[in-house]
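Have a look at the structure below before the remarks.
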Amino acid sequence: QKLDVLSSQAKVAGHRAVVEATHAFGRFHTAEMTAAGKYPPSQTFVLGCGVAGLAAIGTSKALGSVVRAWDVRDVSDQVHSMGAKWVSVDFKEDGAGAGGYAKESSDAFKKAQQETFRKVLSEVDIVISTAAIPGKRSPLLITKEAVAGMKAGSVIVDLAAIGGGNCELTRLNECFTTTNGVTIIGFADLPARMANQASAMYAQNMANLLTHIHGKEKAAGFLPNLFKHLEAGETGDIVSRSIVCCRNGEQIKMPPPPQPTPVKPKAAPVKAKAAAEANPMRAAIVGSLVLTFGVVCLLGLGEGVKTSLLTTFLLAGAAGYQAVWGVAHALHTPLMSVTNAISGMTAVGGLLLMQRSVDTPAAQGLGMLAVGASAVNIIGGFVVSQRMLNLFKKPGDKDYSAMMLIPGLVFLVVCFTHAELLQPVLSVSALLCVAAIGGLAAMGTANAGCKFGMVGVFGALVATFVSLRTEVVAVAAGLMVAGGLLGLAWGMKVSPIALPQTVAAFHSLVGLAAMCTSIGSYWARPMVGAGMENVSAILGDFIGGVTLTGSIIAFGKLNGNLSSKPLNLPGKNYLNLSGLLIFIGMMVAFFRTESDLVGVYILTAAGALACMMGVHLVGSVGGGDMPVCITVLNSYSGWALVAEGFLLKSTVLTIVGSLIGFSGAILTKIMCDAMNRDIFNVLFGGINNAPVVKSGDTGPKEHTETSVAAVAELLANSREVLVVPGYGMAMARAQTAMGEIASVLRDHKINLKFGVHPVAGRMPGQMNVLLAEAGVPHEWVLEMDEVNPDMENNDVVLVVGANDVVNSSAQEVEGCAIWGMPVIEVWRAKKVIFCKRSMGGGYADLDNPVFYKENTDMLLGDAKKTADALATKVRERLEKV
């Protein structure tokens, strides 16, 4: 099509036909309400929906006319996608001919057709006819009787005049007015009346022709490539063989022209590949082996762990498992923020370490570092969580969840007056942390859930403080206040767009605290052998180190300081395996050493190894998988807390750690399912990364661009609109304008809704928070599984700053980076508009085939400026109705 002069000139002709009709019509196209009267929009009827007809529809709609269209072929989807109405003839006949052109109709069809046209023509103001059959006279569509029934002042522009005309009264290259006041225009030189545009498009066709032949060699390769194709005979390039008449004095026979591409049939839903037949015996064997392995691990764990701690660990894990499944996708971001704040319970471990290491200054210093880092995490995490939840409030909503903080006063009084109840306070505090996740399952209880978490952490800290020595309390309190103030400042400053990297940064603090507590605890009270304390110390050290540097790398990638592309070092899988084997060797050496100092050195070396592995593991994860990586790090912080709980024999740390570890793991599972990712691939740094796969179409691709005015017109004439937001919207801060568009359309009875992918943005649920910030009620925001089944019912889908989550490569390009990932199937809608800065790929760096589909237009430019302009145009357009 890039070489098709007929198509490019037909597009110019279709546009010019509307200009000629407008001049002859002499009245408004769009509806106008003025002090001088109210004027309805013009009514336009386009006959024939080829290139010229579609251009006429687009131009007429842009001017504000109400457009109807007809074609002998069923191209109603294209017509509807442009905001026009389809005129159907009540007679069943296939009008598609060879190569996608129309074929000549039967007499019975023509009779039914004329009756339909006569009625429509009597109602419209402008008629543009473009129907033509190659090699034959243009079909007669408008009889003189139909013209006689038209309103005075109406206009007919007959683009088929050179073939005899679609109108019975058309005169070639003339413009005249009938006795009943209908102007008929039969100009055959419409492209020439837009000479600049026609010449520019013709020149581009010619440039494309030269490029097609010379390829990458440019001018130097033109003649060699041309001769090569000519000498190849029938196997040579058909374009090259079609433009040469003779060579070396001999005539070159022109090859038969290829048939034009026929109209594509309506796309059938992509069928999922048939699942392999289940093997009950195999499933039973695998299940029994997994269960046996789990039982053995738990029994082995129970050998060195107190029965009460083991029971607590298992019950808290089960509670976390059940609670997180009930959390709505929209609340995944607040959920992670709250669990991150609760994981600041590492402060309890730091306080206990300060208590037991009074005589070991180095260990006490590590405890102080753990307390200060944890305080930043606690206050900053809860401030961010509450700010996010406040965004979901509707105007006029009253929130009394602050009353849930009253139990904190009870904890305070009990801890200072009844020392015998300190252990129950810790247990109830842990229970409130479990209740916090349960509260985050629904919008109505989310604020209360956040308060449960605050009270739970407060109770645990107060109970721990009361049991400390006096000289430790003052230092610990100062560290908590300093860290808390820093966390408060950080939490109040961060914007919703920066939430993912903020959570990653907070995770790093948890890892740091866990690593410090693990090393410091052994340093203060060294023990020999593979006891519970030593096992917990080295595991907490290792998990904390991976979490520390892994979270820093995640922060760098999400914040744009590091490249989003995966770190593919040579033999990276062997590096991971080698690191694991070295760590196992360090564990064996740590359990066997009798030297306290050597033990400290081994723990320090294990921490350094863990930090290096954290850099490599997270660095090897591609940018597209970072939402999953964040949930993995969230889970790691929980397991680090569990290790601290076993190390310090703390029930509250064990409960909270188990809760966060299991809930983070389940959230990771949910995210992996949403992205069709192998969880082990993410856990172990892209161990199974597939090679980059390119689609079979490597030639130049053509896209269609549109304007703000045209999109505003489409939205104004729609009944069902879906907006799919992405990270680009967040980066451009365009959510406020999109919220305004949603409110305006809803006020005018146009059903606009938002469709959010589970992993849109850089963190689960981030888009929901940003839309809430823009004042969009959460009832307007639907999940992917809710919008995909009804996609065909949407008149317009507006994709704002999203790419990977609407990329059809997930279903069309097998083996690509997102192959098999569930996506929002926007291409099934009647019309798709992409609002993007450029044609570039998304975070996964993949081209999007949807850009080049027939029902897709690109609205390129800065998302903020485009969204603001679109909001203004939509409001202006709807206020005229």
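The values are calculated or read from the model by the stated rules, or taken from the named source; none is laboratory data. Predicted model, so just to flag it, every value in this text is computed and none were measured. Glycine also receives a Cβ, built like all others from the backbone with ideal geometry; neighbour counts cover every protein chain displayed. With ligands, DNA and RNA removed, areas are computed over all heavy atoms of the protein, side chains included. Shrake-Rupley method; radii C 1.70, N 1.55, O 1.52, S 1.80 Å.
Some notes on this structure:
- Entry remark, segment 719-743: residues being open to solvent by 10 Å² or more (accessible area, probe 1.4 Å) and among the β-branched types (Val, Ile, Thr) number 1 in total.
- Residue in segment 802-810 that is open to solvent by 30 Å² or more (accessible area, probe 1.4 Å) and either of a type in the set (Ser, Thr, Tyr) or more than 16 Å from the chain's Cα centre (by Cα) (or both) present: no
- Residue list for segment 46-60, restricted to those being within 16 Å of VAL87 (Cα to Cα) and within 33 Å of the chain's Cα centre (by Cα): LEU54, ILE57
- Wholly enclosed strands (runs of 3 or more DSSP E) of segment 718-798 bearing at least 2 residues touching a residue at least 12 places away in the same chain (Cβ under 8 Å) and among the aromatic types (Phe, Trp, Tyr): none
- Any hit, segment 556-576, residues being open to solvent by less than 50 Å² (accessible area, probe 1.4 Å), at pLDDT below 85 and under 30 Å from GLY775 (Cα atoms): yes
- Only strands (runs of 3 or more DSSP E) whose full extent lies in segment 148-211 are considered here, and the ones with at least 1 residues that are touching a helix residue (DSSP H, G or I) at 6+ places or on another chain (Cβ under 8 Å) and open to solvent by less than 40 Å² (accessible area, probe 1.4 Å) are 155-158, 183-185.
- Residue in segment 779-789 that is farthest from the chain's Cα centre (by Cα), counting only those that are within 13 Å of LEU752 (Cα to Cα) and surrounded by fewer than 20 Cβ atoms within 10 Å (Cβ to Cβ): GLU779
- Segment 1-36 - residue that is among the small types (Gly, Ala, Ser) and farther than 24 Å from SER122 by Cα and, of those, farthest from the chain's Cα centre (by Cα): ALA36
Quick grid of which residues meet (1) modelled with pLDDT of 90 or more; (2) of a type in the set (Val, Ile, Thr):
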{"residue": "VAL376", "(1), (2)": "yes, yes"}
{"residue": "GLY380", "(1), (2)": "yes, no"}
{"residue": "VAL383", "(1), (2)": "yes, yes"}
{"residue": "MET388", "(1), (2)": "no, no"}
{"residue": "PHE392", "(1), (2)": "no, no"}
{"residue": "GLY396", "(1), (2)": "no, no"}
{"residue": "ASP399", "(1), (2)": "no, no"}
{"residue": "PRO407", "(1), (2)": "no, no"}
{"residue": "HIS418", "(1), (2)": "no, no"}
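- Screening VAL535 on (1) closer than 18 Å to GLY638 by Cβ; (2) open to solvent by less than 30 Å² (accessible area, probe 1.4 Å); (3) at pLDDT below 90 shows it passes everything except condition (2).
- Search result, residues across segment 412-428 that are open to solvent by less than 60 Å² (accessible area, probe 1.4 Å) and polar (S, T, N, Q): SER427
- Odd one out for THR44, checked against (1) within 21 Å of ILE184 (Cβ to Cβ); (2) outside any strand (DSSP E or B); (3) of a type outside the set (Asp, Glu): (2)
Conditions (1) modelled with pLDDT of 90 or more; (2) polar (S, T, N, Q), marked per residue:
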{"site": "GLN1", "(1), (2)": "no, yes"}
{"site": "ASP4", "(1), (2)": "no, no"}
{"site": "GLY14", "(1), (2)": "yes, no"}
{"site": "ALA17", "(1), (2)": "yes, no"}
{"site": "THR30", "(1), (2)": "no, yes"}
{"site": "ALA35", "(1), (2)": "no, no"}
{"site": "ALA52", "(1), (2)": "yes, no"}
{"site": "ILE57", "(1), (2)": "yes, no"}
{"site": "ALA69", "(1), (2)": "yes, no"}
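- Restricting attention to segment 29-49, the residues that are farther than 24 Å from PHE117 by Cα and free of Cβ contacts under 8 Å to residues at least 40 places away in the same chain add up to 6.
- Selection status of GLY483, open to solvent by less than 10 Å² (accessible area, probe 1.4 Å) and either among the acidic types (Asp, Glu) or closer than 15 Å to ALA370 by Cβ (or both): yes
- Test for LEU389: is it open to solvent by 30 Å² or more (accessible area, probe 1.4 Å) and of a type in the set (A, V, I, L, M, F, W, C): no
- Boolean, THR34 is open to solvent by less than 20 Å² (accessible area, probe 1.4 Å) and out of contact with any Gly (no Cβ under 6 Å at 6 or more places or on another chain): no
- For MET626, the criteria (1) touching a Leu at 6+ places or on another chain (Cβ under 9 Å); (2) open to solvent by less than 40 Å² (accessible area, probe 1.4 Å); (3) over 21 Å from ALA554 (Cβ atoms) hold in every case but one, which is (3).
Quick grid of which residues meet (1) free of Cβ contacts under 8 Å to residues at least 60 places away in the same chain; (2) within 26 Å of SER495 (Cβ to Cβ):
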residue	(1), (2)
LEU389	no, yes
CYS415	yes, no
HIS418	yes, no
GLN423	no, no
LEU426	no, no
LEU432	yes, no
ALA436	no, yes
GLY439	yes, yes
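- All of THR333, THR346 fail the test of being closer than 27 Å to GLY775 by Cβ, assigned to a helix (DSSP H, G or I), polar (S, T, N, Q) and touching a helix residue (DSSP H, G or I) at 6+ places or on another chain (Cβ under 8 Å), apart from THR333.
- Residue check for MET821: under 17 Å from the mean Cα position of the chain (by Cα) and over 26 Å from LYS669 (Cβ atoms): no
- Residue that is modelled with the highest pLDDT [pool: residues in segment 820-839 that are open to solvent by 30 Å² or more (accessible area, probe 1.4 Å) and part of a loop (DSSP other than H, G, I, E, B)]: GLU825
- ILE126 satisfies every condition listed in (1) aliphatic (A, V, I, L, M); (2) at pLDDT 85 or above; (3) within 17 Å of GLY53 (Cα to Cα); (4) open to solvent by 30 Å² or more (accessible area, probe 1.4 Å) except (4).
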